[in-house]
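The values are calculated or read from the model by the stated rules, or taken from the named source; none is laboratory data. What you see is a predicted model, and the numbers here were worked out from it, not measured in a lab. Positions of Cβ are backbone-derived with ideal geometry, glycine not excepted, and every protein chain shown enters the neighbour counts.
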Amino acid sequence: MIYVVITFAVLLFLNIYCSNISQRLFYQSKEVSMVEKCLLASDEISALEVLNPTTVSGIVGQMGSLKVTRLIVTDQRSRALYDSSNQNLGDYVLLPEILKALETDDAAPRGNDVFSWNYHDGIMDSRAATPIVSYGTVVGCVYMTEYDTAQGALIASLQSTLLRITVLLELIVIAFSIAFSATFSRRLNRIMSSMRIIQEGDYTHKVNMGGNDELTVLGNEFNDLTERLRTSEQKRSRFVSDASHELKTPLASIKLLTDSILQNDMDIGTIREFVGDIGNEADRLNRMTAKLLSLTRAEGMTEGESEIIYMGPTVRRVARMLRENAKKAQVSLHLELENDTPVLILEDDLYQVVFNLIENGIKYNLPGGSLTVTLRREEDNAILEFRDTGMGIPEEAVSHIFERFYRVDKARSRQSGGSGLGLAIVRTIVRRNKGEIAVSSQLGQGTTFTVTFPAFDAEVDKN
Ligand code: ADP
């Protein structure tokens, strides 16, 4: 609506401006012709020896028709020596044009050529006055008026044509605005009703906008968003069912063990053994819930919480913590941390990444095997590498190991206290810190995890 009002105002302004310009153009041509006529008459009259009513009317008579409505000739004191309408003969004619034409000063010692105009009721009324100059002195003035109805009618018709064009254009604008807003609101309603459908939970619904405008883009964005919602909803429900499934197993074991103790007559040694198993299952439940919490926290955290740290000290700290595990598993742990580069990450985040990867490197190793952790710099990146000589991962499993609850060998992972969540946590943290994680593995030979973070100095240069 606001656009219609603005267009209307602009067209109205253009209409007024154009009709003014057209009047001005007409008057400019009129000014030239009338001032010329006046100058011609002034020239003729200035040749007279004496200026009086008789001599002036004589010379005007000789000039022939000047085609003006009224002609007045005055002396230098603006008294009429000749008046074609015979009204003011002998009187002082104090018309502004005459007074201005006779006025002399330093800037205009020979008087002024004057023209004035006015347009009313289809009549063009123009007036011109020029001084009569004899031997350098102003001795009188020639004044002419012209009422031009023909040109007046031309201006009137031009103005009415302009007005008609303006009205027509405005009607076209209004018609277009109505058609446009009807289409726009119909298309917008389509998006709104799709939103309602999706709000009710049907994430498979797609809005089909057609066309090729901003609303089409909005529709496509909306479909993308719905698709993402659908995927995340699918992930969420899979997570819930996976988690309940994982938690159900130790709980079922606990129930089985307690039922066995209650229903059978057992010696104290067997009961101790069963209670020990119950304790192990409870520990497993504990670890799993701790990891689930850790994963939920990692996913819920936003980017931006970070500090500038060197990775070496954290790797050393984790190695100290896990050295005992390595010893038990007969795995030798090597650290090559000389090429350390600062990165932007929370120390707690880095600790979790390093802990999970070193723990896996020991857990899935073989007695007599090794795990080497290396730090190095490659162009703008700081690289953290975990290379083990363990059992390796089968080719078809490599693409799944970062999924939640995925374990290559369920029995072995469970036995070693695995939950299938460690690598999912690692990938979430790495990605949140603008890093990447890659894995390469050969069954029976070993596995290498490579974590890449942008080096802090390179980040600073970029900003
Ligand atoms: P888990 O808690 O079972 O260790 P992860 O998410 O850490 O869970 O690992 C997922 C699976 O990937 C593991 O069950 C294991 O089969 C495999 N895996 C992880 N790290 C290694 C490794 N260094 N060598 C071989 N297999 C590994």
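So that you can scan it fast, the table gives a plain yes or no per residue for (1) farther than 26 Å from R407 by Cβ; (2) at pLDDT 95 or above; (3) of a type in the set (A, V, I, L, M, F, W, C):
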{"position": "E299", "(1), (2), (3)": "no, no, no"}
{"position": "E305", "(1), (2), (3)": "yes, no, no"}
{"position": "I308", "(1), (2), (3)": "yes, no, yes"}
{"position": "H334", "(1), (2), (3)": "yes, yes, no"}
{"position": "L344", "(1), (2), (3)": "yes, no, yes"}
Answer from V217, V275, V240, V318 - the residue that is over 25 Å from S419 (Cα atoms) and among the β-branched types (V, I, T): V217
Qualifying positions in segment 232-276 - hydrophobic (A, V, I, L, M, F, W, C) and touching a Phe, Trp or Tyr at 6+ places or on another chain (Cβ under 9 Å): F239, A243, L257, I261, M266
Residue check, L11 touching a residue at least 40 places away in the same chain (Cβ under 8 Å) and part of a helix (DSSP H, G or I): yes
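Residue-wise test of (1) polar (S, T, N, Q); (2) touching a helix residue (DSSP H, G or I) at 6+ places or on another chain (Cβ under 8 Å).
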position	(1), (2)
V5	no, no
C18	no, yes
S29	yes, no
V32	no, no
L66	no, yes
L71	no, yes
T74	yes, yes
N86	yes, no
Some residue of segment 255-263 being among the aliphatic types (A, V, I, L, M) and either under 26 Å from T372 (Cα atoms) or within 16 Å of the ligand (Cβ to nearest atom) (or both): no
Total residues in segment 390-401, condition surrounded by fewer than 17 Cβ atoms within 10 Å (Cβ to Cβ) and within 11 Å of the ligand (Cβ to nearest atom): 4
Odd one out for T216, checked against (1) over 27 Å from the mean Cα position of the chain (by Cα); (2) modelled with pLDDT under 90; (3) not aliphatic (A, V, I, L, M): (1)
Candidates V138, V142, V173, V133 - the one that is within 49 Å of the chain's Cα centre (by Cα) and either at negative phi or at pLDDT below 85 (or both): V173
Elements of type strands (runs of 3 or more DSSP E) in segment 64-128, at least 3 residues being under 60 Å from the mean Cα position of the chain (by Cα) and at pLDDT below 90: 114-120
Filter result for A411 (at pLDDT 90 or above, more than 27 Å from M311 (Cβ to Cβ), within 12 Å of the ligand (Cβ to nearest atom) and hydrophobic (A, V, I, L, M, F, W, C)): no
Filter result for I197 (touching a His at 6+ places or on another chain (Cβ under 8 Å), over 30 Å from E36 (Cα atoms), among the β-branched types (V, I, T) and surrounded by 14 or more Cβ atoms within 10 Å (Cβ to Cβ)): yes
In segment 335-374, the residues that are within 12 Å of the ligand (Cβ to nearest atom) and among the charged types (D, E, K, R): E359, K363
Inter-residue pairs, beta-carbon under 8 Å, first within 13 Å of V315 (Cβ to Cβ) and in segment 341-361, second surrounded by 24 or more Cβ atoms within 10 Å (Cβ to Cβ) and hydroxyl-bearing (S, T, Y), 6+ apart: G361/T447
Options R377, R387; residue that is in contact (Cβ under 8 Å) with a residue 40 or more places away in the chain, of a type in the set (K, R) and within 13 Å of the ligand (Cβ to nearest atom): R387
Filtered residues of segment 353-394 (kept if among the charged types (D, E, K, R), more than 17 Å from Q445 (Cα to Cα) and assigned to a helix (DSSP H, G or I)): E359
Yes/no for T296 being of a type in the set (S, T, Y) and free of Cβ contacts under 8 Å to residues at least 24 places away in the same chain: yes
Of all residues making up segment 287-336, the number that are in a helix (DSSP H, G or I) and not hydroxyl-bearing (S, T, Y): 27
Count of residues meeting criterion [surrounded by 19 or more Cβ atoms within 10 Å (Cβ to Cβ), in contact with a helix residue (DSSP H, G or I) (Cβ under 7 Å, 6 or more places away or on another chain) and over 14 Å from Q23 (Cα atoms)] in segment 141-165: 5
